[in-house]
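To start, the structure itself, in structure tokens.
The values are calculated or read from the model by the stated rules, or taken from the named source; none is laboratory data. Everything numeric here is computed off the predicted structure, so don't read it as measured data. Positions of Cβ are generated from backbone atoms using ideal geometry, with glycine treated the same way; all protein chains shown enter the neighbour counts.
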Amino acid sequence: MNNPRPLVIDQKTSNDRLVMHVLYGMHTVAWLSLGTLAIIAVVVNYIKRGDEHDPLYLAHHGYMISTFWWTVFWLVITSPLYLLFVLPGMAAHTVVGLWYLYRCIRGWLRFSNGSIP
């Protein structure tokens, strides 16, 4: 007879919260580093998500990961606009950048309040 493993919920520490705040911060200011901080943060999100059991933390790691990949998707899709003229490409990338910033700030605030994004 199979005996399922019990669900283990780790007690979160202030260090765990600090890591999430740092990750949200890295995603939020990633534009200053031309996306390098976002790439580092998403790698850490994937690593931390694999070890996570808390639903709140899992949801926020997933939220940051999906925000990152949707942003990459829209940046790639709108890149051909630069071929028409620089202005449409810049406008599209500005909109995508503002959407990314909105998602980062919204998720960070929801994490600070202890709610799922």
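Descriptive notes on the structure:
- Number of the exception - Thr71 against (1) more than 13 Å from the chain's Cα centre (by Cα); (2) in contact (Cβ under 8 Å) with a residue 24 or more places away in the chain; (3) assigned to a helix (DSSP H, G or I): (1)
- For the stretch 74-89, filtering for residues that are loosely packed, with under 14 Cβ neighbours inside 10 Å and either of a type in the set (Ser, Thr, Tyr) or assigned to a helix (DSSP H, G or I) (or both) leaves 7.
- Checked against (1) modelled with pLDDT of 95 or more; (2) within 22 Å of Ser115 (Cα to Cα), Lys12 passes all but condition (1).
- Yes/no for Leu32 being exposed (fewer than 12 other Cβ atoms within 10 Å of the Cβ) and in a helix (DSSP H, G or I): yes
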